[in-house]
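Read the structure below first, then the notes.
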Amino acid sequence: MLPVTELARDARFQRVRVEDTLFDPRNANPAAQQNGLAITSRNASDNARGLMHGIFVGEIQALEGAGRTCFDFDLGEARDQAPFGLKLDMARQCWDEARHVEISCKLGDHMGGEVGEFAEQTLLYEAACNPDPVLRLTGVNRALEGLAIDVFKTMRDFGRILHDPVLDFCEDWMLADEVTHVKMGSDWLRRLTVNDPQRLKDALEFQKAVDKLFSFGGFRGEQEQNPVHLARHFRQLAGFSDDEIEELVGIAAEAYAEALATQTANADDIRAEAAQAR
Ligand SMILES: [Fe+2]
Ligand SMILES: [Fe+2]
């Protein structure tokens with residue numbers, strides 16, 4: 001496995017820990033509970049630029065992760081092996097992700113951003129370091145690329161509302177590719193665990209943990225105030241059953257409720273500290 005610290009980046013890129021983004025105290029601000037991508041939001045363009053930068057670094061890591069899955073495993077069906085067909089799908093995915101890196105980089109320019117303007121967290125690549133290829137497929141292809149489906153649809157609609165055909169078409173084309181990447185994850189998960197219920201259970205639990213992290217703080221949900229909404233139709237095309245989509249709605253709601261409780265507790269702590277200082 002290639003350690004995350006060894007990923008090739010030039011001096012423009014800034015690394016940040018995923019914990020620091022998820023538990024950023026600014027998320028405790030009531031303004032963080034509004035949809036920052038709504039056209040009425042004062043910071044909508046900055047927020048959209050930040051999200052585009054997140055997509056750009058996510059594409060780089062998706063390329064790195066799929067490439068590693070081609071390289072890290074011997075051929076075979078055991079838990080520490082990967083079948084040839086799976087590696088072929090991952091190679092195909094590398095081709096798509098390399099194109100997505102270029103498209104996202106150019107979209108960043110188009111939106112007035114630059115490489116390194118926002119920090120990069122590396123959870124996607126870290127999920128792609130799982131020693132079991134099936135867990136990589138649930139953590140990366142089903143959870144994180146599933147999130148990419150939701151995010152790309154959000155960005156496509158953002159472009160549509162602004163009458164920006166470049167953003168609209170680019171996101172729509174990438175969205176079509178991501179549906180196939182998630183479907184690869186769904187298909188291989190079913191194929192490789194057909195006689196191994198424990199492996200299926202482990203893989204779905206890993207997926208759930210990753211999904212919950214990225215629903216944290218109300219980033220993704222079904223409400224108006226959630227910037228990113230679940231793209232139900234595209235998820236169905238990608239092999240998610242109706243029950244799985246409902247479960248994801250539940251995970252998002254649970255993560256949002258936990259984030260609100262944490263914020264209330266933090267606000268209480270701050271008030272108590274201030275009272276003590278007085
Ligand atoms: Fe991609
Ligand atoms: Fe992808």
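Where a number appears in this text, it was derived from the coordinates with a stated rule and is not lab data. Every value quoted in this text rests on a predicted model; they were computed, and no experiment measured them. No Cβ is skipped: glycine too gets one built from the backbone with ideal geometry, and neighbour counts run over all protein chains shown.
Points worth noting:
- The range 33-271 - Kirkwood radius from inverse mean 1/r over Cα pairs (Å): 18.4
- Between A98 and V16, the FRET efficiency from the beta-carbon distance, with R0 = 25 Å, is close to 0.55.
- Leading residue at positive end of dipole, the chain (Cβ point charges), from F169, L86, A274: A274
- GNM result for the chain, Cα springs below 10 Å: residue of I103, I161, I55 fluctuating most strongly: I161
- Relative packing of 258-271, 226-239, which averages over residues the other C-beta atoms within 10 Å, highest first: 226-239, 258-271
- Label point distance in nm, A8-K212, each placed 7 Å from Cα along Cα→Cβ: 3.7
- GNM result for the chain, Cα springs below 10 Å: residue of G250, G85, G221 fluctuating most strongly: G85
- Alpha-carbon centroids, the range 169-221 and the range 80-106: separation in whole Å: 15
- Computed about its Cα centre, the charge dipole of the range 14-113 is approximately 380 debye, with only Lys, Arg, Asp and Glu carrying charge at their Cβ.
- Using just its DSSP H runs of length 4 or more, each adding -39500 (n - 2.57), the chain gives a mean residue ellipticity at 222 nm of -21000 deg cm²/dmol after division by all residues.
- For the chain, the dipole from Cβ point charges (+1 on Lys and Arg, -1 on Asp and Glu) about the Cα centre works out to 140 debye, to the nearest 20.
- Fluctuation leader among D20, D211, D202 - the chain, Gaussian network, Cα springs under 10 angstrom: D20
- Entry for the range 195-278 at q = 0.19 Å⁻¹: log10 I(q)/I(0) = -0.88, Debye formula applied to identical alpha-carbon scatterers, no solvent contribution.
- Cβ-based exposure ranking for S41, S215, S241, S186, in which fewest neighbours within 10 Å come first: S241, S41, S186, S215
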